[in-house]
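Let me begin by presenting the structure, written as structure tokens, before commenting on it.
The values are calculated or read from the model by the stated rules, or taken from the named source; none is laboratory data. These numbers were taken from a predicted model, which means no experiment stands behind them. We place every Cβ from the backbone using ideal geometry, glycine too, and count neighbours over all the protein chains shown. Keep in mind that these areas ignore ligands, DNA and RNA; they rest on the heavy atoms of the full protein, side chains included. Shrake-Rupley method; radii C 1.70, N 1.55, O 1.52, S 1.80 Å.
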Amino acid sequence: MQSALKSLLAAVFGTLLLGAQAPQNFDNVRIKVLPVQNNVYMVAGAGGNITLQMGKEGVLMVDTAYAPLAPRIMAEIRKLSKNPIRYIINTHVHPDHVGGNEAFAKLIPDDAAAPLKIIAHENVLNRMTKPAGKETPAPQPGLPTDEYFTPFKDLRFNGEAVIIYHEPHAHTDGDSIILFRGSDVVSAGDIFTPGAYPFIDLERGGSVEGEIAALNHILALTVPGHTQDGGTYVIPGHGRISDEGDVVEYRDMVVIIRDRIRDMIKKGMTLEQVRTARPTRDYDTEFVSRNSFVTADRFVESMYKSLTQK
């Protein structure tokens with residue numbers, strides 16, 4: 001992406017990204033809506049970015065951010081479309097991406113002919129579901145109602161093919177990326193977060209090798225525009241709208257740091273020794289800020305444990 005446009009988008013979303021991973025005073029959160037391409041938009045505020053696809057058939061959302069923001073986000077959606085929300089797709093299980101599911105479900109009028117469908121990989125549903133015990137629990141509002149377990153799931157909505165791909169053991173074990181084929185837009189979730197190191201959630205099935213494989217898959221779906229700028233746009237889990245070149249830079253960063261840490265592990269270095277060696281030092285100025293959720297030490301630790309776990 002051209003440097004001038006990249007700087008502009010960074011300025012727009014810089015303050016929105018700070019603290020995006022943690023709850024805050026939601027009254028002070030700015031909601032920003034940007035057109036991406038064709039009938040696809042990005043909504044940014046606290047929590048994860050939201051992708052919107054709109055048309056005559058209704059509205060499709062990717063992720064829902066935090067529940068307290070749902071009424072304000074719905075108001076922004078209504079400025080663009082009066083049609084009903086038909087689909088919510090969750091990219092993964094983290095609360096800054098699924099936290100608004102229940103709130104949006106309550107804001108959407110019941111329609112027996114076309115009920116709201118919440119789509120996610122089955123691992124997202126499994127991790128969101130409370131243990132049942134001996135008695136069958138009451139349905140939990142906001143849970144995925146249309147989970148999938150295959151490598152991909154597709155649908156046609158507003159005249160456009162929408163393809164949902166599972167990315168196994170990437171930043172979690174339930175990650176999905178979504179390709180809007182006609183609009184030439186990919187919604188990447190937290191697999192791709194420009195300006196921040198990826199959160200490799202080992203406790204929820206994430207791995208560095210799966211993260212790299214997912215980034216490579218995003219690159220297989222994207223095609224650059226003239227002079228390598230534009231073309232397929234990528235909506236990240238946090239941060240600015242990007243293109244293929246931005247994902248290439250991000251993938252290369254993850255691969256280079258992975259290779260450095262793997263070499264240190266082969267030399268018998270402990271986690272503390274690897275931390276002291278600072279294998280991320282030449283990237284920290286770009287990917288770490290004072291409010292970063294994933295610090296350099298945290299990123300190194302997650303990589304080290306991912307590469308050494310059996």
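For the chain, report the translational diffusion coefficient in µm²/s to the nearest whole number, using Stokes-Einstein at 20 °C, 1.002 mPa s, and a Kirkwood Rh over Cα pairs.
Numbers: Rh = 19.9 Å.
Here the translational diffusion coefficient equals 108 µm²/s.
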Length-normalised contact order of the stretch 24-91, Cα under 8 Å, at least 6 apart, in percent, tallies to 26
Where a ≥ b ≥ c are root eigenvalues of the Cα gyration tensor, a/c under 1.5 meaning rounded, otherwise prolate if a/b exceeds b/c and oblate otherwise, the stretch 239-310 counts as prolate
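Take every Cα pair under 8 Å in the chain that's 6+ residues apart, average their separations, divide by the length, and report that relative contact order as a whole percent. If you can, show how the numbers build up before the last one.
Numbers: 613 pairs, mean separation 45.9, N = 310.
Dividing the mean separation by the residue count of the chain yields 15 percent.
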Expressed as a percent, the accessible surface of the stretch 198-261 that is carbon or sulfur, using a 1.4 Å probe and the full set of protein chains, is 53
Whole-Hz Karplus couplings 3J(HN,Hα) for the stretch 187-199, θ = phi - 60° and coefficients 6.51, -1.76, 1.60, Gly and Pro as x, run 9, 9, x, 7, 4, 10, 9, x, x, 8, 4, x, 8
The answer for Gly48, listing residues at least 5 apart or on another chain whose modeled amide H is closer than 5 Å to its amide H, is Ala65, His97
Over the chain, the sum of -39500 (n - 2.57) across DSSP H runs of at least four, divided by residue number and rounded to 500 deg cm²/dmol, gives at 222 nm -10000 deg cm²/dmol
Filtered hits (aspartates and glutamates, Cα-Cα < 17 Å from Lys82, offset >= 8 within chain) -> Glu57, Asp110, Asp111
Diffing the stretch 271-280: the Karplus 3J(HN,Hα) column from phi (6.51, -1.76, 1.60, θ = phi - 60°), in whole Hz with x for Gly and Pro, holds 4, 5, 5, 5, 4, 5, 6, 6, x, 9
Note, Thr232: beta-carbon cut-off 12 Å, +1 each Lys/Arg, -1 each Asp/Glu, net -4
Taking a straight Cα-to-Cα line shorter than 13 Å from Lys305, and setting aside same-chain aspartates and glutamates fewer than 8 residues away, one finds Asp201, Glu203, Glu209, Glu272, Asp297
